2 protein chains.
Amino acid sequence: MARTSHGPLTGLRILEIGHFIAAPFATRLLADLGAEVIKVEPPSGDPVRQWGKQLNGASPWWSLHGRNKKSITLNLKHPKAIEIVLQLAACSDALVENFRPGHLGKLGLSEDALRKARQDLVIARITGFGQDGPYRNRAAFGVIGEAMGGLRHLTNHPPGSSDLPPVRVGVSIGDSVAGLYAAFGLMAALWQRDRTSGDGVGRTLDVALTDSVLSLMEGMLPEYGVLGEVRQPTGSRIVTAAPSSAYPTKDGKWLLIAANSDPLFARLAQLMGKSELARDPRYIGNRERVANTEALDEIISSWTLQMTAADGDRLLSEEDIPCTQVYTAVECAADPQYRQRGMVREIEDPRLGTVLHPGIVPHIPENPGTVRWPGSAIGAHTEEILEQLIGMGGADIDTLRQEGVIS
Amino acid sequence: MARTSHGPLTGLRILEIGHFIAAPFATRLLADLGAEVIKVEPPSGDPVRQWGKQLNGASPWWSLHGRNKKSITLNLKHPKAIEIVLQLAACSDALVENFRPGHLGKLGLSEDALRKARQDLVIARITGFGQDGPYRNRAAFGVIGEAMGGLRHLTNHPPGSSDLPPVRVGVSIGDSVAGLYAAFGLMAALWQRDRTSGDGVGRTLDVALTDSVLSLMEGMLPEYGVLGEVRQPTGSRIVTAAPSSAYPTKDGKWLLIAANSDPLFARLAQLMGKSELARDPRYIGNRERVANTEALDEIISSWTLQMTAADGDRLLSEEDIPCTQVYTAVECAADPQYRQRGMVREIEDPRLGTVLHPGIVPHIPENPGTVRWPGSAIGAHTEEILEQLIGMGGADIDTLRQEGVIS
């Protein structure tokens, strides 16, 4: 597979006019599998470059978020910059953007203008609420979209058990999921356009963060519509299976145990030195165990509190009972499974030294994606792109720089 | 686009040998965009058919989870059933499965056997931990994978603020995200195989739930590796911006407010009748507001507690301050944006009546995916598939039924 040595998307060219998380996450996935991604940035750069912890003015997160992408800085307020974007669109397979609806159009990059440059361009647009409908002009904050998708309500302790507010999922999950949907939809559109018996048509995808979250909500909508049942949060537990929760340990950590079948529960009971529990009618079958979860979880907690999380993990694993410490960055970084699969890997970053990156998903053993380079400096590829894709010479490029079109 | 009237994946045929959530979620996404999905089920059916609330022995969740798919029941312990699967693989573009590593091989459906049936078959395998490595044989419980991916630790109140365990994300997020990655990777592999200048090669994808979750964790790994910084949970808030949280209302609900910029905060302060806050040095700029979040959130909470969530949502929206009630199924179902975009739609299900389904993501206005039918009964398409794809007659089918190969 020499021609496709960076993964299955080798040969695909994607233009990104994005910022923050969703669109750049979509293009990271495409670049990870081998696509050439050209990221258009304003002279000040994508704001994510300033997010999170910094070292020597460089961002570890950016090392990951921008990996495998080429950066060109363009001042999109300048007509010549728009002309360059249209020339780049002409030689790209697809465009990914996540500005508010209508924003690119006002700059001279309407769908009509883009399709005049390349008729079969696939365009993936990511927004908070979509390209149409009454909310289309609202500001797209991820936390808002996640709450409207129904996910925030369910990520909480059960009603009545806590006065604390529902928890935000620990990452910008709505943005990531919308980015995943965009990458998937884009490949679906490209497959139909490009396959031997395909239709050659460039489609436009309208991916909303709200829609993306709502689509994950399992039985929530159908059960409400059919039965009037409003799904409620279950905290650390699962509504139909027990025991399955996070239990405290003596070193102040949490141990996840999922012993929610009769054989698993019997093994857990024996390990705790309480084999009789597996014969107790209150704990035979998931239905009974769920009904008596409070008492059951108290028994398990008083056992786990006698050990460290690491010891508990080892003891339970030896009995083949599904369990794990609740991993922080420390445990993720050290985990032998991640290391062996290349899912935690060390990447040399000229500005940061060795940086830990997560690997490439999906893993394709016979033709894996690769980390060709970490997130680059702003505009690191401006000249290369103008020369190679638009055929400009050094003098033209100098003029553009003097005019403030590029920087 | 007559040839592609069900979306861009019209003309694609997928064989699913899956169960529970991840693989069937991947095939739902493919079917939603027009693919023909053939789901192989044991005579007892996919266990998800029994999950969640039921009405008349039918499952609202299944109405969604199984939509647009054809179901064939096969007893895979019978050699003739394996023969049929191989014949179906021969006329399919791709296979999606989520059994433990090696399970299908033991049944006679090894990668070699499948590729003998169709050399360029794309195979997407979804497991808890991957096809190789020391954990490959562990049981794949979603909650375990989410905790090992680092998501569980971060989905919690800040250290020291609560004795309650970290919260499970309200849905099986690890399974859904793994399913999304499988659908994306599958289309990437198909694009390279099928495009006019493609390589015609069938790839195998190894998608792990743990890897999928880890890949979403933003700066967690890079910041730890470079700076030794272990990311910690922030509960309802965001670490770098304030105010952004869920605030209580007098009707016992939660109101999400994201007024985390100086102009937004000034508007919020004025709306609360406390314009002076926007000029208070403790609250100018995100850095200062984050440092004084506790006091700030108390002021906002005492204001939101004077109103219902619906009133607060309206008041804040009128001032163009990003906000929302925290939606339950009730608000999702009624939302005008979802309704207008077809993202909440009413589907007629012969066993359940009208069922609310989420719409199809991504939305492709000029060539949208469609809900052709809701999740069907077990084996509803067994005869159709055997007749049309394998060319069997009624007598052959009767024999298979008598032999217990199909049911």
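The values are calculated or read from the model by the stated rules, or taken from the named source; none is laboratory data. Here the structure is a predicted model, which means the values were calculated and not measured. Counting neighbours? That spans all protein chains shown, and the Cβs are built from the backbone with ideal geometry, glycine included. Each accessible area value is taken on the protein alone, full model and side chains, heavy atoms only, with ligands, DNA and RNA left out. Shrake-Rupley method; radii C 1.70, N 1.55, O 1.52, S 1.80 Å.
Restricting segment B:23-58 to residues that are without any contact (Cβ under 8 Å) to a residue 40 or more places away in the chain and either at the interface with another protein chain (Cβ under 8 Å from one of its Cβ atoms) or in a strand (DSSP E or B) (or both), the residue that is nearest to B:Ala81 (Cα to Cα) is B:Lys39. Picking from residues in segment A:138-160 that are more than 8 Å from chain B (Cβ to nearest Cβ) and in contact with a helix residue (DSSP H, G or I) (Cβ under 9 Å, 6 or more places away or on another chain), the one that is nearest to B:Ser162 (Cα to Cα) is A:Glu146.
Is segment A:84-98 home to any residue that is modelled with pLDDT under 95 and open to solvent by 50 Å² or more (accessible area, probe 1.4 Å)? No, every residue in segment A:84-98 fails to be modelled with pLDDT under 95 and open to solvent by 50 Å² or more (accessible area, probe 1.4 Å). Can you tell me which condition B:Arg231 does not meet? The list is (1) in contact (Cβ under 8 Å) with a residue 24 or more places away in the chain; (2) closer than 27 Å to B:Glu331 by Cα; (3) of a type in the set (Lys, Arg); (4) facing another protein chain (nearest Cβ under 7 Å), and all the others hold. Checking B:Arg231 against (1) in contact (Cβ under 8 Å) with a residue 24 or more places away in the chain; (2) closer than 27 Å to B:Glu331 by Cα; (3) of a type in the set (Lys, Arg); (4) facing another protein chain (nearest Cβ under 7 Å), the one that fails is (2). For segment A:223-235, the set of residues classified as open to solvent by 10 Å² or more (accessible area, probe 1.4 Å), of a type in the set (Gly, Ala, Ser) and not in a helix (DSSP H, G or I) consists of A:Gly228 only.
Please note which helices (runs of 4 or more DSSP H) are completely contained in segment A:69-186 and include at least 2 residues that are more than 27 Å from the chain's Cα centre (by Cα). Steps first, answer last, please.
On the way: elements: A:79-90, A:103-106, A:111-117, A:142-148, A:151-154.
Helices (runs of 4 or more DSSP H) meeting the threshold: A:79-90, A:103-106, A:111-117.
Among the residues of segment A:251-268, those identified as in contact with a helix residue (DSSP H, G or I) (Cβ under 8 Å, 6 or more places away or on another chain) and not in a helix (DSSP H, G or I) are A:Asp251, A:Lys253, A:Trp254, A:Leu255, A:Leu256, A:Ile257, A:Ala258, A:Ala259, A:Asn260, A:Ser261.
Among A:Asp206, A:Asp163, which is the only one that is among the acidic types (Asp, Glu), open to solvent by less than 30 Å² (accessible area, probe 1.4 Å) and within 9 Å of chain B (Cβ to nearest Cβ)?
Of the residues listed, the single one that is among the acidic types (Asp, Glu), open to solvent by less than 30 Å² (accessible area, probe 1.4 Å) and within 9 Å of chain B (Cβ to nearest Cβ) is A:Asp206.
Inside segment A:269-294, residues that are out of contact with any Phe, Trp or Tyr (no Cβ under 9 Å at 6 or more places or on another chain) and farther than 16 Å from A:Thr234 by Cα make up a count of 9. If you filter segment B:338-389 down to residues that are open to solvent by 10 Å² or more (accessible area, probe 1.4 Å) and in a helix (DSSP H, G or I), you find that the one that is farthest from A:Pro134 (Cα to Cα) is B:Glu387. Evaluation of A:Thr324 against the conditions (1) within 19 Å of the chain's Cα centre (by Cα); (2) at the interface with chain B (Cβ under 7 Å from one of its Cβ atoms); (3) outside any loop (DSSP other than H, G, I, E, B) shows that the sole unmet condition is (1).
The set of residues from segment B:52-83 being open to solvent by 40 Å² or more (accessible area, probe 1.4 Å) and out of contact with any helix residue (DSSP H, G or I) (no Cβ under 6 Å at 6 or more places or on another chain) comprises B:Gln54, B:Asn56, B:Gly57, B:Lys77, B:His78, B:Pro79, B:Lys80, B:Glu83.
Quick check on segment A:125-143. Is at least one of its residues of a type in the set (Ser, Thr, Tyr) and either under 20 Å from B:Asp335 (Cα atoms) or open to solvent by 10 Å² or more (accessible area, probe 1.4 Å) (or both)? Explain how you work it out, then say what you get.
Taking segment A:125-143 first, the residues of a type in the set (Ser, Thr, Tyr) are A:127, A:135.
Filter once more, so that each one left must be either under 20 Å from B:Asp335 (Cα atoms) or open to solvent by 10 Å² or more (accessible area, probe 1.4 Å) (or both): A:127, A:135.
Yes, segment A:125-143 contains a residue that is of a type in the set (Ser, Thr, Tyr) and either under 20 Å from B:Asp335 (Cα atoms) or open to solvent by 10 Å² or more (accessible area, probe 1.4 Å) (or both).
If a residue must be over 24 Å from B:His157 (Cβ atoms) and either among the aromatic types (Phe, Trp, Tyr) or at pLDDT below 95 (or both), how many such residues does segment B:291-317 contain? Total meeting the criteria: 1.
Within segment B:40-54, identify whether any single residue is in contact with a strand residue (DSSP E or B) (Cβ under 6 Å, 6 or more places away or on another chain), hydrophobic (A, V, I, L, M, F, W, C) and under 28 Å from B:Glu366 (Cα atoms), and answer yes or no.
Restricting attention to segment B:40-54, the residues satisfying the condition of being in contact with a strand residue (DSSP E or B) (Cβ under 6 Å, 6 or more places away or on another chain) are B:40-41, B:43.
From the residues that got through so far, the ones that are hydrophobic (A, V, I, L, M, F, W, C) too are B:40.
From what is left, the residues that are under 28 Å from B:Glu366 (Cα atoms) are none.
No, segment B:40-54 contains no residue that is in contact with a strand residue (DSSP E or B) (Cβ under 6 Å, 6 or more places away or on another chain), hydrophobic (A, V, I, L, M, F, W, C) and under 28 Å from B:Glu366 (Cα atoms).
Within the set B:Gly185, B:Gly228, B:Gly202, B:Gly235, the sole residue that is touching a strand residue (DSSP E or B) at 6+ places or on another chain (Cβ under 9 Å) and closer than 21 Å to A:Pro358 by Cβ turns out to be B:Gly185.
Inside segment A:328-337, residues that are assigned to a helix (DSSP H, G or I) and within 7 Å of another protein chain (Cβ to nearest Cβ) make up a count of 6. Only helices (runs of 4 or more DSSP H) whose full extent lies in segment A:269-319 are considered here, and the ones with at least 3 residues that are under 20 Å from A:Ala241 (Cα atoms) are A:286-291, A:293-304. Within segment B:187-200, if we keep just the residues that are outside any helix (DSSP H, G or I) and at the interface with another protein chain (Cβ under 7 Å from one of its Cβ atoms), the residue that is surrounded by the fewest Cβ atoms within 10 Å (Cβ to Cβ) turns out to be B:Thr196.
The single residue among B:Asp163, B:Asp194 that is modelled with pLDDT under 95 and acidic (Asp, Glu) turns out to be B:Asp163. Scanning segment B:112-137 for residues being in contact with a Gly (Cβ under 9 Å, 6 or more places away or on another chain), at the interface with another protein chain (Cβ under 7 Å from one of its Cβ atoms) and either without any contact (Cβ under 8 Å) to a residue 12 or more places away in the chain or not hydrophobic (A, V, I, L, M, F, W, C) (or both) gives a total of 1.
With respect to B:Ile72, determine if the residue is closer than 20 Å to B:Glu384 by Cβ, among the hydrophobic types (A, V, I, L, M, F, W, C) and in contact with a Ser or Thr (Cβ under 8 Å, 6 or more places away or on another chain). Yes.
So which of B:Asn260, B:Asn286 is free of Cβ contacts under 8 Å to residues at least 40 places away in the same chain, open to solvent by 20 Å² or more (accessible area, probe 1.4 Å) and over 26 Å from A:Arg231 (Cβ atoms)? Before the answer, list the steps.
Numbers: B:Asn286 fails: free of Cβ contacts under 8 Å to residues at least 40 places away in the same chain.
Answer to the selection: B:Asn260.
When we screen B:Ser212, B:Ser245 for residues that are touching a residue at least 24 places away in the same chain (Cβ under 8 Å), at the interface with another protein chain (Cβ under 7 Å from one of its Cβ atoms) and closer than 26 Å to A:Gly160 by Cα, the only hit is B:Ser245.
Any residue at all in segment B:241-255 that is farther than 28 Å from A:Pro158 by Cα and either modelled with pLDDT under 95 or in contact with a strand residue (DSSP E or B) (Cβ under 9 Å, 6 or more places away or on another chain) (or both)? The answer is no; no qualifying residue exists.
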